[in-house]
Amino acid sequence: RQAGRARSLPKNAPIAIVGAGFAGLAAASRLIGLGYNDVTIFEATNRTGGRVYPIAFADGYIQLGAEYINGRKNPIYEIARNLNVFEADNDEEEGDDPLEDGILAAGDCTVSQNDRNEFAGFASPLKDKYESMAGQGDQTRSIGQLYSQDYQRFLSNQRGTDKKSVYDALTRLYRSSYEAEWSADWNDVSLMITGWSKNLDVMLCPTISQELDQFY
């Protein structure tokens, strides 16, 4: 019904688009291409582009709005493929490790490789540990609660060092990897999500399988 109503609009009808992000700009471009000549984009910030947000860094740029492209049957995947901007396709669960890849700094101080290695030795095994706990039926505690307990034990083994502020900064980075993945505060993220494949085995039905196949 909505598509039919849009096709019946006169070419001089005023059209408002909320947001000058990727979708808003694409919608405006499409409408103008179809001959609509009174298209206005309303944007609350002082810039266009939405999550397309490059900023200068070192001798190049980084994208503050960069994200993983989930699934090949995805219009963003097609755009990126046609532009040949992929570094690599990753069909595995493993991705770049934020504790090992890139440049890390806490405030104005670069984090030393020794500090990174020390923290990574503590934090990197936690995901597998939490998945194992979820598989054994421990699904009531949050990721944040478990990490807080493990982190306090880690700090207690670091007596005589003044690295707590550095480890706190690395903790915020580690935490962000969970919160970016699940779009939620990790104190609100149940341990059960780390065992998501087991939950899908129970929930999956042919209809859901067909829906998932549209994206993968």
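Details
- The stretch 39-61: number of residues that are of a type outside the set (Ser, Thr, Tyr) and surrounded by 13 or more Cβ atoms within 10 Å (Cβ to Cβ): 7
- Of the residues making up the stretch 187-194, not a single one is assigned to a helix (DSSP H, G or I), among the β-branched types (Val, Ile, Thr), at pLDDT 85 or above and within 24 Å of ASN70 (Cβ to Cβ).
- Summed over the stretch 152-162, residues that are at pLDDT below 85 and surrounded by 12 or more Cβ atoms within 10 Å (Cβ to Cβ) total 2.
- Qualifying positions in the stretch 50-69 - of a type in the set (A, V, I, L, M, F, W, C) and under 13 Å from GLY21 (Cα atoms): VAL52
The values are calculated or read from the model by the stated rules, or taken from the named source; none is laboratory data. The model shown is predicted, which means the values in this text are computed figures rather than measured ones. Positions of Cβ are backbone-derived with ideal geometry, glycine not excepted, and every protein chain shown enters the neighbour counts.
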